[in-house]
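Data first, discussion second: the structure below is written as structure tokens.
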Amino acid sequence: MLPDTNYDSFAEAYSTENESSLINAFYERPAVLDLVGDARNRRILDAGCGSGPLTKALGSRGAIMTGFDASKEMIRLARQRLGDEADLLVADLGQPLPFEDDSFDDVVASLVFHYLPDWVSPLKEIRRVLRPGGRLIMSVNHPLLYPLTNPGKGYFNLTKYSDEHSFNGQRGTLTYWHRPLHAMTDAFSKAGFQIETISEPPYSSDAPAGIIPPQFKDRDSFLSFIFFALRAQ
Ligand SMILES: C[S@@+](CC[C@H](N)C(=O)[O-])C[C@H]1O[C@@H](n2cnc3c(N)ncnc32)[C@H](O)[C@@H]1O
């Protein structure tokens, strides 16, 4: 089943925004790169790679990169960015993945799992394409985000919701699935992953002061996403 949110219609605007935004360039991406650590000579799959900023960053650190995304337009932009530096294809994380068993040392999945109603089947697919003992490093909307931004709504149920965003001046609607923390960790166990790290990092110290909204200036933790490093058992 294709995702409810189709990035094709705002791919270029999203990609431009993502390049230098606080949330992506100075918070999400550095946090994932920290969890990956030494990427040299590792075969890494970027699941939901978008226009490929993380694919590029990992490739520059010496990883052998493959990326896929459900959006054709995102993959066109990723090809523009990466040329032959990575294998790139259109594929749906909600379907069987077009890779052999044991193809990758690590999988990274930045901000994509919150579009999926079911996590267990995609996680099992990722485990299949990982070598035994390989890692999945993922970021998703923090489970507190939905109840905090929608007062009065429940925390405990799997719930579909939509938010309006502006990407480089263009409006776009993102439709997500909220799930509580225990539903995330249950899905990891069911799919054969063990949690190594749960991270709730602050934004990077090199974020330009001018892009930090006043309400976040004094915070040492930026509540928006949660990050997991998981080990395939
Ligand atoms: C928030 S963007 C993040 C892009 C990229 N990971 C990054 O951090 O720059 C989410 C991406 O997930 C992709 N996506 C959403 N649902 C997907 C699915 N079921 N399979 C593959 N990609 C999906 C979207 O097309 C979009 O490019």
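Laboratory data are not the source of any read-out in this text; all were calculated from the coordinates shown. This one's a predicted model, so the numbers in the text were calculated from it and none came from an experiment. Because the Cβ atoms are built from the backbone with ideal geometry, glycine has one as well, and the counts that use them run over all protein chains shown.
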Cross-link candidates for LYS56: which lysines have Cα within less than 29 Å, leaving aside residues fewer than 8 places away along the same chain?
LYS72, LYS124
Which residue, MET74, MET138, MET184, has the most motion in a Gaussian network model of the chain that connects Cα atoms within less than 10 Å?
MET184
I want the antiparallel fraction of DSSP beta bridges within the range 7-232, as a percent rounded to 5.
50 percent
Compute the distribution of all C-alpha to C-alpha distances in the range 119-160, in bins of 5 Å from 0, and list the percent of pairs in each, rounded to whole numbers.
5, 17, 21, 15, 12, 13, 11, 5, 1
TYR155 to ASP34: FRET efficiency via 1/(1 + (r/R0)^6), r the Cβ-Cβ distance, R0 25 Å, to the nearest 0.05?
0.35
So how strong a dipole does the range 72-124 carry about its Cα centre when Lys and Arg Cβ are +1 and Asp and Glu Cβ are -1, to the nearest 20 debye?
380 debye
Mean-square fluctuation check for the chain, GNM, Cα pairs under 10 Å: which of ILE198, ILE64, ILE126 is largest?
ILE198
Test item: Cα-centred dipole of the chain, Lys/Arg +1 and Asp/Glu -1 on Cβ, debye
280 debye
Is the shape of the range 71-168 best called rounded, prolate or oblate, per the rule: a/c under 1.5 gives rounded, else a/b larger than b/c gives prolate, else oblate, with a ≥ b ≥ c the square roots of the Cα gyration tensor eigenvalues?
oblate
Length gained, ILE198-SER121, 0.36 nm per residue minus C-alpha separation, equals 25.6 nm
Whole-Å distance linking the alpha carbon centroid of the range 11-57 with that of the range 111-130 is 18 Å
In debye to the nearest 20, how big a dipole does the range 77-182 give about its Cα centre with +1 on each Lys and Arg Cβ and -1 on each Asp and Glu Cβ?
500 debye
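Which order do the peptides 105-118, 203-216, 35-48 take when ranked by the mean count of other beta-carbon atoms within 10 Å per residue, highest first?
Top of the packing list down: 105-118, 35-48, 203-216.
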Normalised contact order of the chain, rounded percent, pairs of Cα under 8 Å and 6 or more residues apart
22 percent
At 37 °C and a viscosity of 0.692 mPa s, what translational diffusion coefficient does Stokes-Einstein give for the range 65-109, taking Rh as the Kirkwood radius over Cα pairs? Give it in µm²/s as a whole number.
290 µm²/s
To the nearest µm²/s, what D does Stokes-Einstein give for the range 7-232 at 4 °C and 1.567 mPa s, using the Kirkwood radius over alpha carbon pairs as Rh?
72 µm²/s
Going by average Cβ density within 10 Å per residue, which order do the peptides 171-182, 147-158 take, highest to lowest?
171-182, 147-158
